[in-house]
1. Assuming a viscosity of 0.692 mPa s and a temperature of 37 °C, what translational diffusion coefficient in µm² per second does Stokes-Einstein assign to the range 295-386, Rh being the Kirkwood radius over Cα pairs?
2. Would you work out if the range 108-231 is rounded, prolate or oblate? Take a ≥ b ≥ c from the square roots of the eigenvalues of the alpha-carbon gyration tensor; rounded if a/c is under 1.5, else prolate when a/b is larger than b/c, oblate otherwise.
3. Out of every Cα pair in the range 167-369, what percent are spaced more than 23 Å from each other?
4. On average, how much accessible surface per residue is there in the range 191-273, in Å², for a 1.4 Å probe, leaving out ligands, DNA and RNA?
5. Compute log10 of I(q)/I(0) for the range 13-158 with the Debye formula, placing one identical point scatterer on every Cα and leaving out solvent, at q = 0.11, 0.19 Å⁻¹, to two decimals.
6. Based on the mean of other Cβ atoms within 10 Å per residue, sort peptides 338-351, 142-155 so the most packed one is first.
7. Calculate what fraction, in whole %, of the accessible area of the range 13-158 sits on carbon and sulfur atoms when a 1.4 Å probe is rolled over the protein chains.
8. Take the solvent-accessible surface of the protein heavy atoms, probe 1.4 Å, and return the percent of it on the range 167-369 that carbon and sulfur atoms account for.
Amino acid sequence: MADRATIRVAVPQGWARGVLAGVEAAFAGWGLITVFTMIAYLTLRSNSWMNDTTPRDALGLGGDLWAAVIGGTSVVGDVHYRAIPTLMGALLVVLVRILLRTTAGYPRSAALFAVPGFLLTSWLLAGASGIHSHWWTGTIGGVLIPLIGSVWFVASGYSRDHEAPSMQHWISGGLKLGGLSVVVLAAASFVASVIALVAGWSRMAGILELLGASSAVDTSFIVGGQALFAPTIMAWVASWWSGAGFLTATDSLHSPMVVGSGPIPPIPLLGAVPQTAPGMWVLLAPIALGIGLGFVAARWFRREHLLHQTAQGVLASLITASVTALWMWSATMSMGSVRLALMGPRVGWATLALVLEIALPALIIALATHPTTRALLGEGAGRVRNEGEALRRRAAERASRVGAAASTMDEAWAEASDPAEVGDTEASADEAGAEDLEAVADGGRSGREARGDQRNRRR
């Protein structure tokens, strides 16, 4: 009896190091948030509005903030609040990526074990230290943060694999080009955010005064807390110049064509919200960005085969779309009920618009400038030129034949209309008539002679 086939499932070597990297990243992030919260409490506890606040409350606030970092929701008085400090989340992704360097000598799949380590630790910390947060609501962020760091680590290792078959180089090229597209989009959004902050500085200062900041320390903590939302503001700016716009309330849309008329929440950063609608010409900025990326891709990320170039561009577009969608989702928030239940970009429309305005032009430019495409276009142009010349040659031959036939007919008409030839024709006709009369006369004489011979024989 033959042995049955068996499938052996084994945990890859280095999995414990991956789990440890996730646990360390979660504890480090929670520790930074907690320390920051306790320093703020010790600095501001002399204020009259913090008389009833205890160190346990400050520690609970730190737990709630940690839950917010991983996308969790806090419930206070039946009102749900969710606002992700996206800068802290981005720092955690970088931290996971750095800690996973300990798994470099092991299979790449070992890095993915950072996900369960980070998620379980995040649940534990949010549930043990938070007061108003629900620990299970941070599941999405608890998975995405270590997953992005792990995939980044694996992808960076793959892009350095020079021994990969040449037909697979488009994968590393697509990863690099997609990452470059995201970095360029973030950089452009940062520049636009700085311009918006400078333009709205006076309005932001007015809102800050309404908050009653009585000292430089109060102002520093307010500004520092808003700095944790820097990627959120950049996402709002990117959504605005894509044409999709963003919401400062459920009934207040801001886009290049629309200016929300409702009041804005008392958040100083929202003083930079555009007060006018310049028009859809703003869309030229991301389109120009996409065209520039297309020429970069054609120059630095060119593949020998057109099919590989296409696959590389499609992969880069998918990466751009995925990261953009995640970025826009992380920038949405809920700061209350009714009007403030939804704030931030319209995720689907903003992602679609940015892909069409940046990723698609980059793909088209890269394919249009490829040597194979130009060769095909040149061959097609040559075929069209040759066919045009053949058509012109046939038309010229046809015209020459028609001209020759026309000249022949003209000569025939000319000969028919010549007077000398007409006279000769008439003379010939007269001669023919005389010959006919003579033949008739001869016939008559022959007939009379024949009848005379018959009468003589009868006699």
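The values are calculated or read from the model by the stated rules, or taken from the named source; none is laboratory data. Worth saying up front: this structure is predicted, and the values here are computed from it rather than measured. Quick reminder, even Gly has a Cβ in these numbers, built from the backbone with ideal geometry, and neighbours come from all protein chains shown. Calculation scope for accessible area: heavy atoms of the full protein, side chains included, ligands and nucleic acids excluded. Shrake-Rupley method; radii C 1.70, N 1.55, O 1.52, S 1.80 Å.
1. 210
2. The shape class here is oblate.
3. 48
4. 44
5. -0.43, -1.00
6. In decreasing order of mean packing, 338-351, 142-155 become 142-155, 338-351.
7. Its accessible area is 70 percent carbon and sulfur atoms.
8. Reported share for carbon and sulfur atoms: 76 percent.
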